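Novice: One structure, as structure tokens, below. Some questions next.
The values are calculated or read from the model by the stated rules, or taken from the named source; none is laboratory data. These numbers come from a predicted model, not from an experiment. For neighbour counting, all protein chains shown are included, and Cβ atoms are generated from backbone atoms with ideal geometry for every residue, glycine included. In case anyone asks, the SASA skips ligands and DNA or RNA and just uses the protein heavy atoms, side chains included. Shrake-Rupley method; radii C 1.70, N 1.55, O 1.52, S 1.80 Å.
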Amino acid sequence: MQMAQIVGGYSLGGADMLRRAMGKKKAEEMAEHREIFRAGAAKDGLSTQKADEIFDLMEKFAGYGFNKSHAAAYALLSYHTAYLKAHHPAAFMAANMSLAMDDTEKVKILVEDSIEVCGLTILPPDVNQSSYRFRPDGPAPSVTGKKVTQIRYGLGGVKGAGQNAIEAIIAARESGGPFVSLFDFCKRVDKKQINRRTIEALIKSGAFDCLNIDRAILLATVTFAMECAEQEAKAANQVSLFGGDDSDLVAPPEYVKAAPFTDRQKLAEEKTALGFYLSGHMFDSYAPEARRFARTKLADLEPSREPRMLCGVITGIRPQMTQRGKLYIITLDDKSAVVEVTVYSEVFDENKRMFKDDEFLAVVGKVSEDRFSGGLRISAEKVYDIIAARSQFGHQFICALPTTVTSSKLREVLEPYRDAHGLPLAMRVQPQGVDCVLQLGDDWRVAPSDALKLSLEQVLGAREVTIEY
């Protein structure tokens, strides 16, 4: 306002009108004020060019500027938070995560910052260790002289786990010690405060991993464990025919049998509970294989005249309208970096089934410099899911089969996966101790899917099931 008054010849009221116009960012009003400012500056002998230069600086400052008292307050706050992050990173980041606990996207950003910038270790949620909030984990610096470098994930950060339920878990743990089984947990925790959905969310998040039971088995057992707890509570109110306690005569319940989770299933369930992957990365299960046909990591991509091959896991799909029509922005993550790939409608529509969150995608496309953002611009020409990539770049699908497998059983397992555009199938066998390889004909080419791998291993007892590149 002083600049407008002294240089531009504005009155105090006029300078305040200019301030309001700048705050609203109305182009027409700003153009009028620019002419007024030029005229006022000309009276003091300033050229139009110099007046415009000063006005541009004022306009830029108005975009994001503070008065001195406001700026000083922010500077002091910045100094305090920077000091805490530098000298007490675990406590500082744990407090920030607890504050943002209801916003999984913010928690994810803070977790990544804690690991990559602060060098901290994020310990998973744990029904025997975690509090409601995130907290530094380890001995106090005054005891060891070293900084705390671990943060224990708060149970309150698990979706579907309310504060009352978490407090009931902590109360049961403090009064009776650590939980030793899912049955023990369901028996001891206040059933008025916790339900099946809460227990399932905690299992998916990894909070029960301390029991050393696979998450799939725990999930399959939840209903049974809750029923056992209810029956035991009823039995506690009944008197034995011979007096005394008969609990030692009852065999402890057993977990329901279920197929263990694959790494991908485990991470997918974890994401539903936490909003992101904490114990690993979805690309990890693909990385060793994917690097055999897409060798360049996303972090190492550079502009190139020739089409480049890249791959990752889809973490976002966003449609966008342009003058050329509809296109899609696909976010790919290979753990080394996250990039956005432009996929035009003709490519997208032809391969719709491939575009799903958390699924593998390989892309052949142009990589160029984006001068607007300073990053890279990637435009897809061809796309492949994991099956299509194996079929395109693989040499053959091979496995080692027991000699006891019959041809009829083999046919039964392979039939659903037959694909004329798939990979040839080879099998290593040892009839009478002699090593040999059986190569099936083109009529028995197969779609090299993970489901086929699983069937060969579980139904036929195959070993070393792999794709040769």
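Novice: Could you pull out the residue among Val111, Val148, Val107, Val117 that is open to solvent by less than 50 Å² (accessible area, probe 1.4 Å) and farther than 16 Å from Gly275 by Cβ?
Specialist: From the options Val111, Val148, Val107, Val117, the qualifying one is Val148.
Novice: Quick check on region 337-376: of everything there that is of a type in the set (D, E, K, R) and either free of Cβ contacts under 8 Å to residues at least 24 places away in the same chain or in contact with a His (Cβ under 8 Å, 6 or more places away or on another chain) (or both), which residue is least open to solvent (accessible area, probe 1.4 Å)?
Specialist: Asp370
Novice: Which one of Ile199, Ile170, Ile213 is on the phi < 0 side of the Ramachandran plot and surrounded by 21 or more Cβ atoms within 10 Å (Cβ to Cβ)?
Specialist: The match here is Ile199.
Every residue, every condition in (1) on the phi < 0 side of the Ramachandran plot; (2) modelled with pLDDT of 90 or more; (3) open to solvent by less than 50 Å² (accessible area, probe 1.4 Å), yes or no:
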site: Ala259; (1), (2), (3): yes, no, no
site: Leu267; (1), (2), (3): yes, yes, yes
site: Phe283; (1), (2), (3): yes, yes, yes
site: Arg292; (1), (2), (3): yes, yes, no
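Novice: Still on this structure: Return the residue satisfying two criteria in turn: it lies in region 36-51 and is at pLDDT below 85 and charged (D, E, K, R), and of such residues it is nearest to Met3 (Cα to Cα).
Specialist: Asp44
Novice: Would region 125-135 turn up any residue that is under 25 Å from Glu232 (Cα atoms) and surrounded by fewer than 20 Cβ atoms within 10 Å (Cβ to Cβ)?
Specialist: yes
Novice: If you scan region 104-138, which residues turn out to be part of a helix (DSSP H, G or I) and without any contact (Cβ under 8 Å) to a residue 40 or more places away in the chain?
Specialist: Lys106, Ile109, Leu110, Glu112, Asp113, Ser114, Ile115, Glu116
Novice: Looking only at residues in region 302-336 that are aliphatic (A, V, I, L, M) and under 22 Å from the mean Cα position of the chain (by Cα), which one is most open to solvent (accessible area, probe 1.4 Å)?
Specialist: Ile317
Novice: Right, another one. Can you tell me which residues in region 151-180 are touching a residue at least 40 places away in the same chain (Cβ under 8 Å) and over 19 Å from Leu274 (Cβ atoms)?
Specialist: The answer is Arg173, Pro178, Phe179.
Novice: I'd like to check which helices (runs of 4 or more DSSP H) are fully inside region 287-402 and have at least 2 residues that are polar (S, T, N, Q).
Specialist: Output list reads 386-393.
Novice: Something else: Inspect region 27-35 for any residue being surrounded by 13 or more Cβ atoms within 10 Å (Cβ to Cβ), touching a Phe, Trp or Tyr at 6+ places or on another chain (Cβ under 6 Å) and in a helix (DSSP H, G or I) and give the result as yes or no.
Specialist: Looking for residues that are surrounded by 13 or more Cβ atoms within 10 Å (Cβ to Cβ), touching a Phe, Trp or Tyr at 6+ places or on another chain (Cβ under 6 Å) and in a helix (DSSP H, G or I), one finds at least one in region 27-35, hence yes.
Novice: Of everything in region 441-463, what is of a type in the set (A, V, I, L, M, F, W, C), surrounded by 16 or more Cβ atoms within 10 Å (Cβ to Cβ) and either over 30 Å from the mean Cα position of the chain (by Cα) or part of a helix (DSSP H, G or I) (or both)? Give them in sequence order.
Specialist: Once the filter is applied, which keeps residues that are of a type in the set (A, V, I, L, M, F, W, C), surrounded by 16 or more Cβ atoms within 10 Å (Cβ to Cβ) and either over 30 Å from the mean Cα position of the chain (by Cα) or part of a helix (DSSP H, G or I) (or both), region 441-463 yields Trp444, Val446, Leu452, Leu456, Leu460, Ala462.
Novice: Against the definition (in a helix (DSSP H, G or I) and farther than 19 Å from Val107 by Cα), how does Ala171 come out, yes or no?
Specialist: Criteria met by Ala171.
Novice: Could we say that Gln392 is open to solvent by 30 Å² or more (accessible area, probe 1.4 Å) and closer than 27 Å to Leu440 by Cβ here?
Specialist: Against the criterion (open to solvent by 30 Å² or more (accessible area, probe 1.4 Å) and closer than 27 Å to Leu440 by Cβ), Gln392 qualifies.
Novice: Still on this model: Would you check if there is a residue in region 74-90 being part of a loop (DSSP other than H, G, I, E, B), surrounded by 15 or more Cβ atoms within 10 Å (Cβ to Cβ) and either under 18 Å from the mean Cα position of the chain (by Cα) or of a type outside the set (A, V, I, L, M, F, W, C) (or both)?
Specialist: Scanning region 74-90, I find at least one residue that is part of a loop (DSSP other than H, G, I, E, B), surrounded by 15 or more Cβ atoms within 10 Å (Cβ to Cβ) and either under 18 Å from the mean Cα position of the chain (by Cα) or of a type outside the set (A, V, I, L, M, F, W, C) (or both), so the answer is yes.
Novice: Residue under question is Met101, and the condition is that it be under 24 Å from Cys210 (Cβ atoms) and either in a loop (DSSP other than H, G, I, E, B) or open to solvent by 60 Å² or more (accessible area, probe 1.4 Å) (or both); does it hold?
Specialist: yes
Novice: Does any residue of region 424-431 turn out to be within 29 Å of Tyr344 (Cα to Cα) and either modelled with pLDDT of 95 or more or not charged (D, E, K, R) (or both)?
Specialist: no
Novice: Of all residues in region 395-440, how many are open to solvent by less than 70 Å² (accessible area, probe 1.4 Å), out of contact with any Phe, Trp or Tyr (no Cβ under 6 Å at 6 or more places or on another chain) and touching a residue at least 12 places away in the same chain (Cβ under 8 Å)?
Specialist: Adding up the residues that qualify gives 20.
Novice: Continuing with this model, one more query. Which of the residues that make up region 267-296 are within 12 Å of Asp358 (Cβ to Cβ) and out of contact with any strand residue (DSSP E or B) (no Cβ under 7 Å at 6 or more places or on another chain)?
Specialist: Leu267, Ala268, Glu269, Glu270, Lys271, Thr272, Phe276, Tyr277, His281, Ser285
Novice: How about region 30-54: which of its residues are more than 16 Å from Ala15 (Cα to Cα) and without any contact (Cβ under 8 Å) to a residue 12 or more places away in the chain?
Specialist: Result: Ala42, Gly45, Ser47, Thr48, Gln49, Lys50, Glu53.
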